[in-house]
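Scroll down for the structure; my scribbles are underneath it.
The values are calculated or read from the model by the stated rules, or taken from the named source; none is laboratory data. Just so it is clear, the structure is predicted and the values come from calculations on it, not from any experiment. Heads up, the Cβs are rebuilt from the backbone with ideal geometry, glycines too, and the neighbour counts pull from every protein chain shown. With ligands, DNA and RNA removed, areas are computed over all heavy atoms of the protein, side chains included. Shrake-Rupley method; radii C 1.70, N 1.55, O 1.52, S 1.80 Å.
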Amino acid sequence: ITADEARAKGYVKGSMKKDEVIKLLKRVTTPTTVYKKQKLDRDDIVDITDLDVIAWLKAEMRIMLDEEIARSILVGDGREPDDPDKIDEDHLRPIAYDVDMYAHSITLDSSSTPAEMIETIVRARRYYKGTGTPTLYTTDAKLTDMILDKDSLGRRYYNTEAELAAALRVDRIVTVEAMEDAADIAGIIVNLVDYTVGADQGGAISMFDDFDIDYNQYKYLYETRMSGALIKPFSAISFYYKEVAQASAPTTGD
C-alpha cells in the first residue's frame, strides 16, 4: 500500500508515517481470559426455599460478566495496570483509548458549556468514517445537560432525546453508568458493528461449577477467552476533557 493509496482511503492522519499506518492496519489482537467467580455455602442453598438461588446466582454472574466485557470495550475496566485482575487492554482494546488511527480524539475544555459540547460533537462528525450512522455513548449527567440547554428566552432547544440525537447526527444516545468512573471522557461516537469480538475454539463463554468438600461450598465460574478491537480506521470519535490552566494570583511584597 502506497502513501497515496493510504491517504485516498482516509487512513493517514496528520504526521503519521507510511510504516506507522501499515503496522496499525496489520495489527493483531490476541485473546485474553475474562471470568466471573462466585460461591455459596451449601447451608444457605438448603435454607433458601422461596426461590431457586442457584439459577438466580448464575443469571447474575452472566449479567455481570457481560457488563464487564462491555465496559472493557468502551472505556477499559478501570483497574490499575498492576492489578492482577485487570483485563489486558492489548487483547480487549478499549475504544476510548485506542490510537487515533481507529478512534479520532477530540479535546474539550473541562469548563465547556452544553452548547459548546454539542457544537464540538457536530463539527467532529466529519472525522467519522465508520459504518452507517453511529451511536453516542455518554453519561446520564452529560445527556441531561445537553437536553436541558436553553435559548436566551429560557426555551429548550431539544424536547426529546431523539431531537438531540438528530442534531448530533447520531442514530441514538446511550447512557453508560461505567463512564461516570472515567471523568476524562465526555463521550464516544461509534457503531459497534466496526468493533469485532472473537474467541478461540473452546474459548466461548462457558459455565463451570464444583463443590468444595472442605469448606462445604458450591463454587461457580463463568469464563471466556476472547479478544476485541476496532477493525475499521476512523470508525470512532472519542471526546476528552482537559483542565483549563488557571493563572496564578500575583503576590505582593511587604
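How large is the helix-only mean residue ellipticity at 222 nm for the chain, computed as the sum of -39500 (n - 2.57) over DSSP H runs with n ≥ 4, divided by its residue count, in deg cm²/dmol to the nearest 500?
Calculated from helices alone, the mean residue ellipticity at 222 nm is -8000 deg cm²/dmol.
Quick one: check the C-alpha center-to-center distance for region 42-111 versus region 130-183, whole angstrom.
Comparing the Cα centres of region 42-111 and region 130-183, I get a distance of 23 Å.
What net charge do the residues around Asn191 carry, taking every other residue with its C-beta under 10 Å from that of Asn191, with Lys and Arg at +1 and Asp and Glu at -1?
-1
Mind ordering 201-210, 125-134 by average Cβ neighbours within 10 Å, highest first?
Going from most to least packed, we get 125-134, 201-210.
Would you work out what percent of the accessible area of the chain, with all protein chains in place, is carbon or sulfur (probe 1.4 Å)?
Carbon plus sulfur share of accessible area: 48 percent.
If you stretched the chain out fully between Glu163 and Val99, how much longer would it get, using 0.36 nm times the residue separation minus the C-alpha to C-alpha distance?
Residue separation times 0.36 nm, minus the Cα-Cα distance, leaves 19.9 nm.
Which whole-Hz ³J(HN,Hα) couplings does region 23-31 yield from phi under the Karplus relation 6.51 cos²θ - 1.76 cosθ + 1.60, θ = phi - 60°, glycine and proline marked x?
Running phi through 6.51 cos²θ - 1.76 cosθ + 1.60 with θ = phi - 60° gives 4, 5, 5, 9, 5, 10, 10, 9, x Hz.
Run through the DSSP bridge list for the chain and note the antiparallel percent, rounded to the nearest 5.
If we restrict to bridges inside the chain, about 75 percent are antiparallel.
With a Cα-only, solvent-free Debye model of the chain, what are the log10 I(q)/I(0) values at q = 0.08, 0.10, 0.12, 0.13 Å⁻¹?
-0.45, -0.65, -0.85, -0.94
What list of ³J(HN,Hα) couplings, whole Hz, do you get for region 97-112 from phi and the Karplus terms 6.51, -1.76, 1.60, once you set θ to phi - 60° and write x for glycine and proline?
10, 6, 5, 4, 4, 10, 10, 5, 9, 10, 9, 10, 5, 5, 8, 4
Compute the signed sum of charges (Lys and Arg +1, Asp and Glu -1) over the other residues within less than 14 Å, Cβ to Cβ, of Glu89.
-4
Which whole-Hz couplings ³J(HN,Hα) result when phi for each residue of region 168-183 is put into the Karplus expression 6.51 cos²θ - 1.76 cosθ + 1.60, θ = phi - 60°, listed in order with x for Gly and Pro?
Result, ordered by residue: 7, 6, 10, 5, 6, 10, 10, 8, 10, 4, 5, 6, 5, 7, 9, 5 Hz.
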